[in-house]
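Comments concern the structure below.
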Amino acid sequence: MAGTAFTRQVGNLPADVTSFVGRRHELAEIRRLLSVSRLVTLTGVGGVGKTRLALRAAFEQHRAFDEVWLADLSGLDDPALVGQTVAATVGLRDQTTGCPVRALSEFLSTRRTLLVLDNCEHLLDAVATLADTLLRGIPELRILTTSRQSLGITGERVMRVAPLPVPESDGARTLKALERYDAVTLFTERAAAVLPGFALDDGNREAVATLCRRLDGIPLAIELAAVRLRTLSVDGLVERLDDRYRWLTGGSRTAVPRQRTLHALIDWSFQLLSPAERTLWTRMSIFPGHFDLEAAEAVCSGDGIAREDVLDLLDAVVDKSLLLREEHAGDVRYRMLETLREFARTREPGPDERRTLARRHRDFYLRLTGQAAAEWFGPRQVAWFSRLRQEQANLRAALEFCLREPGEAAIGLRMATDLHRPHWLPNSLFIQGRHWIGRMLDAEPDRTAARAHALCTSAWLAFTQGDAPAGEPLLAEARDLARELDDPVSLSQVCLVSGKAAHNRGDFEQAVPLLEEAVTLLTAAGDGFAVAIALLALADATGCLGDRARAGELFERGLALSADREESWCRAWTLAIFAIHLWRQGDNERATAAAREGLLLGRAFDDRLSLATAVEVLAWILSAEGHHTKAAHLLGAADAIARTVGVSTLRMGRYVEQHQECVAVLENQLGAKRLARAMLQGGRLTLDEAVAEALGAEPASEEAGATASAASPLTARELEIAELISQGLSNKEIAAALVVAQRTAEGHVEHILAKLGYTSRAQIAAWMTAQKAEQDTT
């Protein structure tokens, strides 16, 4: 999942994280551990509540950090993608050619961040390496992980999450005494949600106490039991649990009792399903992530389950709390808890049925990606973009199947290539795209048109990242293969990628004839998307060579093509680059309109580089029109947006000269100090705030912290500590307020004294007062 963070607010934590029962002691212990260690791991058996506890801890401490992020790794199977997945979670796209972990480290280095890595047990080595690398390079970072096993790296503090406290068999049984046990409180709350009016009373207190004790206080087990109150009394629950435990005496003797108990409860819930519900539920375990009704009908029907019966059966399973119903962007989707999914997989008849299900799963997502690629350049573009974003775990599983099963790599090559336009490209998932296509190319060496297409696609992704050394050999092989096959489609793709490569490196003389030929060949082939891409590059290259009239005609032709097909992504990019062309001609009014329209279209795809480009050119226009402070805000905002995809506006190729000229004008008009303040304020805007300001909204008022930071040699963290010093707090009190070790706070104070050339805390307090006074007069 990709999320959004806000300064001093929780980033992408679930909205219901405030719903929590007990665990006050555990939360206090997590706070203590995070104050003395930068890596804390919560371990424990599945279903014990590690994730919920971590989320609550993060929620309660978010004010001590600039940003708090949750990265759920449960749906990720490939260790090679851990770094990129975490980077994408914090909003950092893999635009750069370098290691995503290095880009992530650079991105987080200026923030006080709490990173929650959830469900790490199946990726221990990769997560351990990532955590160790990030912690070594980012002094202000804290990491909280959940796993069934510790990461095993230096500096890690491990906290075992125990089940909720339960009443002893011979303990007190008064209502007041029972209410002190978190397990009882949890069961009572969940029971009341299922059975309105349910309350702990003298008539059920003994049964509730017994039930919670027999379930060992495992939250998942308690919640599943509470659901059964729709049809059973608490006494009936206890009686059935007794029967079920006797039946499950053949379980593993090496497993801890809690694991056997949870297994028994899940199996009991499973047995309460009808035969058809059981079959559907076990089949749905093939989905590693979220899925929708269409997918369930396609993959899980047949062999005894009619397609038209899937909806009712699925509804019944949801009602029995063995499947979660969630809404994503207005679409209803379903998810099986990992603990339940593991259990369901043990109930399959055998490996042959599992392989059949996996093939059905792959076939469904193969059709889905093929349809998305075919319809991408059209009115359903935004819908396909959102849909495939939600399906990432399923797409990975389908691609893995193609690599795992003999004879399936050719299909995998087609699928990975089909994902280029609707998924890899608009999401800036360049590393992922190259990863999967590269693996498929290695697994499927046959010299076919599909291979030529995949080679071109991988080269395109490499050139987009500026990785010409990797892209050139791929393109050369694609060119040789296309000529060998004499395939016109492959030849047209080679021509397009060759022209884009020349355009990217600034060789416009070579780019223009290649792109002109590509437009002709692709138009004949009826590939509207590729034609739009070729026209955009050709228009920009033509303009850079000085033929502005023809460039304008080419831009208009590309816009007309997008409008005719009712697509938005190519149009957003064309408008952003066209705005630069119009600005160079002095047509600020049309340039502003083009850039703002591009912003509106690009926002639907969260295309950060497109958005940064449009915001940047609007800053140039505002500067030219004398709106210097607003221009500085937008320059700062554009740079911050671009950095989320690993690119600085200071490194945007041929536009660097225009950027530097704009900065020079603004520094002359505002002065270096005011310019730095305004750009810093713009850089602190959220994406929505930056887009709103670029569209003409009034800029947000300048915050005291931003002004002080721009005018001082101190970092944001040091400024906060200086403010606490000015309030009279001791080092120990500062450490408690910021949830850091006291020695860390003392180190910051020493750095502040050294930077400011002072010898006492009183001097720091006086300096902060002066900073505030200067701000008030600015």
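The numbers here are math on the coordinates, done by the rules we state, and not lab data. The shown structure was predicted, so the numbers you read here are calculated from the model rather than taken from an experiment. So basically every Cβ, Gly included, is an ideal-geometry build from the backbone, and we count neighbours across all protein chains shown.
Hey, rough spin-label estimate for ARG367 and ARG102, points 7 angstrom out along Cα→Cβ, what's it come to in nanometres?
Output for this residue pair reads 4.4 nm.
May I ask for the net charge around ARG360, where only other residues with Cβ less than 14 Å from the Cβ of ARG360 are counted and Lys, Arg are +1 while Asp, Glu are -1? Please list the in-between numbers first.
On the way: positive: ARG283, ARG307, ARG354, ARG355, ARG359, ARG362, ARG367; negative: GLU294, GLU297, ASP303, GLU348, ASP352, GLU353, ASP363, GLU405, GLU408.
Computed value for this residue: -2.
Kindly give Rg over Rh for segment 273-348, based on alpha-carbon atoms, with the Kirkwood expression for the hydrodynamic radius.
Values: Rg = 11.3 Å, Rh = 12.2 Å.
Rounded to two decimals, Rg/Rh equals 0.92.
Give me the Debye-computed log₁₀ of I(q)/I(0) at q = 0.11 Å⁻¹ for the chain, equal point scatterers on Cα only, no solvent, two decimals.
Log-scaled intensity ratios, in q order: -1.29.
Could you give the length gained on full extension between GLN669 and ALA524, defined as 0.36 nm per residue of separation minus the Cα-Cα distance, in nm? Each step should come with its number before you reach the end.
Numbers: separation 145, 0.36 × 145 = 52.20 nm, distance 5.26 nm.
Full extension from GLN669 to ALA524 adds 46.9 nm.
Counting only C-alpha contacts under 8 Å and six or more residues apart, can you give the relative contact order of the chain as a whole percent?
Values: 1176 pairs, mean separation 70.9, N = 778.
Answer for the chain is 9 percent.
Under 14 Å from the Cβ of VAL194, count the other residues' Cβ atoms, weight Lys and Arg +1, Asp and Glu -1, and hand me the total. Each step should come with its number before you reach the end.
Values: positive: ARG190, ARG228, ARG230, LYS320; negative: GLU189, GLU223, ASP319.
Taking every Cβ under 14 Å from that of VAL194, the sum is +1.
Take the Cα atoms of segment 525-629, find their three principal axes, and give me the spread along each one in whole Å, biggest first.
On the principal axes, segment 525-629 reaches 48, 33, 19 Å in Cα extent.
Extension gain ALA276-ALA199, at 0.36 nm per residue separation less the Cα-Cα distance, in nm? Walk me through the numbers on the way to the answer.
Details: separation 77, 0.36 × 77 = 27.72 nm, distance 3.42 nm.
Working it through step by step, the gained length comes to 24.3 nm.
Whole-Hz Karplus ³J(HN,Hα) for segment 511-523, in order, using 6.51 cos²θ - 1.76 cosθ + 1.60 and θ = phi - 60°, x for Gly and Pro?
Karplus-based 3J(HN,Hα) across segment 511-523 equals 5, 4, x, 5, 6, 5, 5, 4, 4, 5, 5, 6, 5 Hz.
Report the charge-dipole magnitude of the chain in Debye, nearest 20, computed about the Cα centre from +1 at each Lys and Arg Cβ and -1 at each Asp and Glu Cβ. Walk me through the numbers on the way to the answer.
On the way: 89 positive and 104 negative charges, 432 e Å.
With only Lys, Arg, Asp and Glu charged at Cβ, the dipole is about 2080 debye.
Suppose only helical runs count, i.e. DSSP H with n ≥ 4. What mean residue ellipticity at 222 nm does that imply for the chain under -39500 (n - 2.57) per run, divided by all residues and rounded to the nearest 500 deg cm²/dmol?
-20000 deg cm²/dmol
Which semi-axis lengths, in whole Å and largest first, follow from the square roots of five times the eigenvalues of the Cα gyration tensor of segment 9-160? Please report the intermediate quantities before stating the final value.
Working: eigenvalues 104, 56, 44 Å².
Each semi-axis is √(5λ); the values are 23, 17, 15 Å.
Sketch the reach of a paramagnetic label on ARG505 as a point 7 Å from Cα along Cα-to-Cβ, and name the residues of segment 455-478 whose backbone nitrogen lies under 15 Å away.
459-460, 462-477
What number results when the radius of gyration of segment 360-441, computed over Cα atoms, is divided by 2.2 N^0.38 Å?
On the way: Rg = 11.7 Å, N = 82, 2.2 N^0.38 = 11.7 Å.
Relative to the rule-of-thumb radius for its length, segment 360-441 sits at 1.00.
What is the sum of charges around GLU297, taking Lys and Arg as +1, Asp and Glu as -1, for the other residues whose C-beta is under 12 Å from the C-beta of GLU297? Walk me through the numbers on the way to the answer.
Details: positive: ARG283, ARG307, ARG360; negative: ASP292, GLU294, GLU308, ASP309, ASP312.
Charge balance near GLU297 sits at -2.
Going by Cα centres, segment 394-472 and segment 98-170 are how many Å apart?
Using only Cα atoms, the two centres lie 31 Å from each other.
What relative contact order, as a whole-number percentage, does segment 273-348 give when Cα pairs under 8 Å and 6 or more residues apart are counted?
Values: 78 pairs, mean separation 29.0, N = 76.
Over segment 273-348, the number comes to 38 percent.
What does the extension gain come out to for GLU746 and GLU353, with contour length at 0.36 nm per residue minus their alpha carbon separation? Show your work: numbers first, answer last.
Details: separation 393, 0.36 × 393 = 141.48 nm, distance 6.18 nm.
Result for the pair: 135.3 nm of gain on full extension.
Give the Debye-formula value of log10 I(q)/I(0) at each listed q (0.13 Å⁻¹), with one equal scatterer per alpha carbon of segment 73-166, two decimals each.
For segment 73-166 at q = 0.13 Å⁻¹, log10 I(q)/I(0) is -0.44.
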